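Here is the structure we will look at, set down as structure tokens.
The values are calculated or read from the model by the stated rules, or taken from the named source; none is laboratory data. In this text, all values refer to a predicted model and were calculated from it rather than measured experimentally. Reconstructed Cβ throughout: ideal geometry from the backbone, glycine too, with neighbour counts over all protein chains shown. Each accessible area value is taken on the protein alone, full model and side chains, heavy atoms only, with ligands, DNA and RNA left out. Shrake-Rupley method; radii C 1.70, N 1.55, O 1.52, S 1.80 Å.
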Amino acid sequence: SIISYMNLKKYIRSIPNYPKQGILFRDITSLLEHKKAFHFTIQKMKEISKKTPHTKIAAIESRGFVFASALAYLNKKPLVLLRKKGKLPGTTISQKFKLEYGMDTIEVHKSSLNKKDKVIIIDDLIATGGTALAAAKLVSKCKAKVSAFIFLIDLFDLPGTKLLQSHGYKTYKLIDFPGH
Ligand code: AMP
């Protein structure tokens, strides 16, 4: 890549008490708006993706879409959208998961993945890992294999990465932040 090294952390804006009291929100819009930082992020994800054989890129709604789309384009791989309940028009497979309060569901088109697929799953950030683990279960329900996870940000003092690794998944991240 043209840029040999960038400190991506300085392009992430941190907003206390958003969307509610006690959450320190790590905002990626400031990184996306910096052309070199966005470019460097995708180049790094591409380098990481080359270490792990894959047939498809899967993206977690909705900030995962931004990074996964660029990566799938560069790697010339199909892009599969893992969406919130009710967004996909075709026949879907779904996976429920626990949120802090209540439950949520993610879905994928049944026709999107099959047993020959090795999938890299992309999201902007991992915190508790609930969303990512549900994404992995969804991919598994389609009989596809999870090749690895790639995140831009790991909130390293929250249990997400350890949770995924304890289930045998490979995880990569570009930058770390504390969760609080
Ligand atoms: P989790 O399921 O707890 O790992 O949460 C992951 C999802 O929630 C990701 O899709 C993130 O975009 C979002 N998220 C969780 N915590 C934060 C945070 N502190 N700042 C920004 N996004 C977050």
In terms of modelled amide H atoms, which long-range or inter-chain residues lie less than 5 Å from the amide H of D117? K145
Taking the alpha-carbon centroid of each part, what is the distance from region 106-135 to region 16-73 in angstrom? 14 Å
Measure off, as a whole percent, the carbon and sulfur share of the 1.4 Å-probe accessible area of the chain, all protein chains present. 54 percent
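Only four residue types carry charge here, +1 at the Cβ of Lys and Arg and -1 at the Cβ of Asp and Glu. Report the dipole size of the chain about the Cα centre in Debye, rounded to the nearest 20.
Numbers: 32 positive and 13 negative charges, 147 e Å.
About 700 debye.
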Which whole-Hz ³J(HN,Hα) couplings does region 19-32 yield from phi under the Karplus relation 6.51 cos²θ - 1.76 cosθ + 1.60, θ = phi - 60°, glycine and proline marked x? x, 8, 3, x, 8, 9, 7, 9, 9, 8, 4, 5, 6, 4
A correct Karplus calculation of ³J(HN,Hα) over region 110-117, with 6.51 cos²θ - 1.76 cosθ + 1.60, θ = phi - 60°, whole Hz and x for Gly and Pro, returns 4, 7, 7, 9, 8, 5, 7, 7
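Looking at region 1-93, which GluC sites (Glu not before Pro) are in a loop (DSSP not H, G, I, E or B) and have at most 14 other Cβ atoms within 10 Å? All intermediate terms of the calculation are to be shown ahead of the outcome.
Values: sites: E33, E47, E61; in loops: E33, E61.
For GluC sites (Glu not before Pro) across region 1-93 that sit outside H, G, I, E and B with at most 14 neighbouring Cβ atoms in 10 Å, the list reads E33.
Here is the link list: K50/K143; K76/K173; K56/K145; K84/K145. Which ones come out longer than 19 Å on Cα distance?
Details: K50/K143 23 Å; K76/K173 21 Å; K56/K145 10 Å; K84/K145 21 Å.
Check vs 19 Å cut-off fails for K50/K143; K76/K173; K84/K145.
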Quick one: compute the contact order of the chain, relative version, from alpha carbon pairs under 8 angstrom and 6+ residues apart, as a percent. 18 percent
Karplus-derived 3J(HN,Hα), 6.51/-1.76/1.60, for each residue of region 96-109, Hz, glycine and proline x: 8, 8, 8, 9, 4, 10, x, 10, 9, 9, 10, 9, 9, 5
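So what is the 222 nm mean residue ellipticity for the chain from helices alone, if each DSSP H run of at least 4 adds -39500 (n - 2.57) and you divide by all residues, rounding to the nearest 500 deg cm²/dmol?
Working: 5 runs with 51 residues, N = 180.
That comes out to -8500 deg cm²/dmol.
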Amide H neighbours of I23 under 5 Å, at least 5 residues apart or on other chains, H built in the peptide plane: list them. N17, Y18
Give me the net charge of T105's neighbourhood, meaning all other residues with Cβ under 12 Å from the Cβ of T105; Lys, Arg count +1, Asp, Glu -1. +4
Taking 0.36 nm per residue of separation between S111 and D157 and subtracting their Cα-Cα distance, the length gained on full extension comes to 12.9 nm
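Over the chain, with the other protein chains present, what is the accessible area per residue in square angstrom, probe 1.4 angstrom? Walk me through the numbers before you get to the answer.
Values: 9700 Å² over 180 residues.
That works out to 54 Å² per residue.
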